[in-house]
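**Q** Just passing along the structure, written as structure tokens.
Read the figures in this text as sums done on the coordinates, not as results from a lab. Everything numeric in this text was worked out from a predicted model, so none of it was measured. With ideal geometry, Cβ positions are generated from the backbone for all residues, glycine too; neighbour counts draw on all protein chains shown.
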Amino acid sequence: MNIFIENNIEYLIEYFWSSSEGLIILNDQKDIIHINNFAQTLLGLKISDNISLIEHCFSFDICILQEQDILAYNPISAAILSKEKFKAEAQYQIEQDQYKNLVLRAFQVKDYKIIIFSDLSAEIENKEFKKQKNEYINKIIELEKDNKEHSILKERAESQAIRVGLINRISTSIRDTLDTNEIIKTTINELSRTLGVHRGIFASYEKNQEKFIIKQEWHISNQTELQKKELEIDSYIKAAISNRTSQISINSSIMELPLNNPEDSKPRLVTPVIYQGEIFGIILLYHINSKKLWHPEEVSLVEGISAQLAAAIYQSSLFEKLENQKKELEITLTQLRETQTQLIQSEKMASLGKLVAGVAHEINTPIGSINSNIDMLVKYTKKIKKQILDNPELNSMFSVFDDINTINTEAIRRINSIIKSLKNFARLDEAELKEVDIHEGIKSTLMLINHEIKNRINVIEEYGDLPLIECYPNLLNQVIMNILVNAYQSIDNEGTIKIKTDIKDNKVQIIISDTGKGISQENLTKIFDPGFTTKGVGVGTGLGLSICYQIIEKHKGSISVNSQFGIGTVFIIEIPLRQNF
């Protein structure tokens, strides 16, 4: 960039308009009066913003000790304060762990500070790669001078590339999965193929039994899998693992190996898989050629892969422990939620039961007195009526009295029936297992909701011939009440609720169906989840059906639901005739 462009703001703006470098022009208040597209995209700033908004995102790679206020010192402030042309490399933080490497240049034009920056990230990221590439190119140029040396180095380079590829493949496998078996399988298979061995084995160390068990085996096509999975611990294996280090035991001579096992008649490499002093197993590699010696590069490669595998197994075991702890915590949390739900509902039902029993008792006493008085009134009315039969006017009056007595008697009977239903529903004296007629509980529940369903909902009752059922009466009544309430609430205008009971496979079956709105398939799988409700705010808590599910489970039974949206819903409850705890 020439001096003319540098000193002419209009030309600067035009020059950097579509440049891959950023351009920012600041006034003496550090306000942005121009910013090109590249800078806007990278920094997220616009014209009229103050550069101080992002100063904290810039940093040097080194500490500037001569500055008095180090905390406030950053590449932007340094560029602005500089009296001369400024140039420095800096880092710009995009996100928490993401940075851009930039080269900042700054200079003054009249009353404006010009800041130009270039993105060096890609260059820095590829720097090491380019360096290695240049080294290889230089070596190849040198090797061209001598064909013999060139061949040797070329062979080494190819061998190194194969090993790098092996390490990359194994590293990728370790990064992509935390499955220990998959990591071991990939490592043994890739290592065996790369080194050209005829068999590769990983044997896991069983600490409690102090033995090695073959967990993964690779072999060439003309070999068969070893039938014996427990590895015999010979002197060479003992030597490899005795000091808990990654040192390798090397056998290259047939005479140094046991002759009673044909498998051991080939050069063998034994490598312990150890991390922080803990042995996870061993890697065994067998060469096809019994005369071949292990090359130091091969030994070094296996040692490195072994260390990498050990670290991966350790990390995988930690992850597995964390997963198990997570599952245990999730189970505990679910149990705590269920317990909390049960406690809340039990407390509510206990309070409701006490209230119902109290109301029933308080109403029963005056009703008893009224009932007794009506009996006496009827008796005396009859006596008086006999004495004045000849008076037609009084006869007419006593006819009215008879009607009043009949109405009062029926009202008292109705009140007594409601009180009985309340007491049957609460059943405070039946919190434990008891043989009951479940039809009595169903009828009592229907009576309690009669005011909600009369004149608009037709209730069909089809009761089978059932024996007494062993159950928790108050809990079972709670389930029936909840399902019936949901049923009539789902019917907007007129509709039908059908209750059917029967015996099937030594279980009592209660089927409650309605012609309400039904439940969508999306919600059908969640209706028994605690807290889930399709009702509006303030109408439902989402605990009812969840508690029903737990109550039926307590009875060793089952509760299921079938529903079609817009047609209706069917609940099927099955509980054993006897609990047999």
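**Q** Please compute the Kirkwood hydrodynamic radius of the stretch 430-576 from all pairs of different C-alpha atoms, in Å with one decimal. Walk me through the intermediate numbers first.
**A** Details: mean 1/r = 0.0639 Å⁻¹.
Hydrodynamic radius (Kirkwood, Cα only) of the stretch 430-576 equals 15.6 Å.
**Q** For the ranges 309-316, 92-99, what's the packing order if you count other beta-carbon atoms within 10 Å of each residue, average per peptide, and put the highest first? Walk me through the intermediate numbers first.
**A** Working: 309-316: 19.9, 92-99: 11.2.
So the order, starting with the most tightly packed, is 309-316, 92-99.
**Q** For each pair in Lys454/Lys517; Lys434/Lys556; Lys507/Lys554; Lys454/Lys500; Lys500/Lys526; Lys211/Lys327, compute the distance between the two Cα atoms and list the pairs where it is over 21 Å. List each step's numbers first, then the result.
**A** Working: Lys454/Lys517 19 Å; Lys434/Lys556 15 Å; Lys507/Lys554 15 Å; Lys454/Lys500 19 Å; Lys500/Lys526 25 Å; Lys211/Lys327 31 Å.
Pairs exceeding the cut-off: Lys500/Lys526; Lys211/Lys327.
**Q** In sequence order, what are the phi-derived ³J(HN,Hα) couplings for the stretch 496-506 according to the Karplus relation 6.51 cos²θ - 1.76 cosθ + 1.60 with θ = phi - 60°, rounded to whole Hz, with x for glycine and proline?
**A** Calculated HN-Hα couplings, in order: 9, 10, 10, 10, 10, 10, 6, 10, 9, 6, 6 Hz.
**Q** A follow-up question, please. What residues qualify as long-range amide H neighbours of Gln564, i.e. H under 5 Å apart, gap of 5 or more or another chain, H built at 1.01 Å from N?
**A** Ile519
**Q** Quick query: amide H of Asp49 versus all other amide H atoms, modeled in the peptide plane; which residues come in under 5 Å with a sequence gap of 5 or more or a different chain?
**A** Correct list: Ile32.
**Q** Just rank Leu466, Leu26, Leu81, fewest to most, by other beta-carbon atoms within 10 angstrom. Each step should come with its number before you reach the end.
**A** Details: Leu466 16, Leu26 22, Leu81 12.
In order of increasing Cβ crowding within 10 Å: Leu81, Leu466, Leu26.
**Q** Tabulate in residue order the Karplus-calculated ³J(HN,Hα) for the stretch 86-96, using 6.51 cos²θ - 1.76 cosθ + 1.60 with θ = phi - 60°, rounded to whole Hz; enter x for Gly and Pro.
**A** Here the 3J(HN,Hα) series is 10, 8, 7, 8, 8, 10, 10, 7, 7, 9, 4 Hz.
**Q** Most exposed first by the Cβ proxy, i.e. fewest other Cβ within 10 Å, how do Arg175, Arg456 rank?
**A** Numbers: Arg175 9, Arg456 12.
Going from least to most buried by this count: Arg175, Arg456.
**Q** Sticking with this structure for a sec: For a quick check: with amide H placed at 1.01 Å from N, whose amide H comes under 5 Å from Asn36's, ignoring anything fewer than 5 positions away on the same chain?
**A** Correct list: Leu23.
**Q** Let me ask something additional. In debye to the nearest 20, how big a dipole does the stretch 430-576 give about its Cα centre with +1 on each Lys and Arg Cβ and -1 on each Asp and Glu Cβ? Before the final figure, lay out each step's value.
**A** Working: 13 positive and 19 negative charges, 81 e Å.
With only Lys, Arg, Asp and Glu charged at Cβ, the dipole is about 380 debye.
**Q** Moving on. Arrange Asp505, Asp49 by Cβ neighbour counts within 10 Å, fewest through most, would you? Display every interim value, and only then the final one.
**A** Details: Asp505 7, Asp49 17.
Ranking Asp505, Asp49 by Cβ neighbours within 10 Å, fewest first, gives Asp505, Asp49.
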